[in-house]
1. Looking at L111, L153 in this structure, which one is among the aliphatic types (A, V, I, L, M), in a helix (DSSP H, G or I), modelled with pLDDT of 85 or more and open to solvent by 40 Å² or more (accessible area, probe 1.4 Å)?
2. Quick one: count up the residues across region 26-75 that are open to solvent by 50 Å² or more (accessible area, probe 1.4 Å) and among the small types (G, A, S).
3. What residue, of V20, V55, is β-branched (V, I, T) and closer than 23 Å to T138 by Cβ?
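The values are calculated or read from the model by the stated rules, or taken from the named source; none is laboratory data. If you're wondering where the values come from, they're calculated on a predicted model, not measured in any experiment. Reconstructed Cβ throughout: ideal geometry from the backbone, glycine too, with neighbour counts over all protein chains shown. The accessibility values were calculated without ligands, DNA or RNA, using every heavy atom of the protein model including side chains. Shrake-Rupley method; radii C 1.70, N 1.55, O 1.52, S 1.80 Å.
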Amino acid sequence: MWVMTTATAPLPAASAPAPVWARRAAHAIALCAVPSGLWRIAMASGVHVGYSDRVLRDVFDIPGWGIAYVIGLSVLTELAALFPLLLVSDRWRPLHPRVLAPLAWTGSGVLVLVALWQLVVAFTAESQTYMSSGTAQTVWGFAFAPLFAIPALMTAVTWSYAKRHRARGQA
């Protein structure tokens, strides 16, 4: 009688490594979140980022709980931006591809919707009235513009991941 143990179990077929462009795109996603995070941390630290002291106090509750919110949002954004690195990693796979691929597709879809919503919010009259005009809005634009590349990059990385693991399942 033959008993299968971890020593005699067949190894799963290794999937093809992620293409270089997918690895670069995954790293670019992580980098795209950095400028807006630094901008938020500067805001929480009291650096003038285009909002008056009254707006910071009344709208964002800075100083106060708003500091924790803004810094927490920056940390969560960066952690979420690191997720695509799981899709191109050859070393560490915390979830099975059947779980990770749908999760990644869902994330891509949510990112597209969030990006579209942020465009609407950015151009509303209320958003325009809080921030002083000129240089502050330009700096804000440069800090947040890279975020709009994330949905396309995430979709490309997810497509690459799904394609590699679908090919593995058919082999």
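1. On the way: L111 fails: modelled with pLDDT of 85 or more.
Unique residue meeting the criteria: L153.
2. Initial filter on region 26-75 (open to solvent by 50 Å² or more (accessible area, probe 1.4 Å)): 27, 31, 34, 38, 41, 45-48, 52-54, 57-61, 63, 65, 67-69, 71, 73, 75.
Restricting the remaining residues to those that are among the small types (G, A, S) gives 45-46, 52, 68.
So the count comes out to 4.
3. On the way: V20 fails: closer than 23 Å to T138 by Cβ.
The match here is V55.
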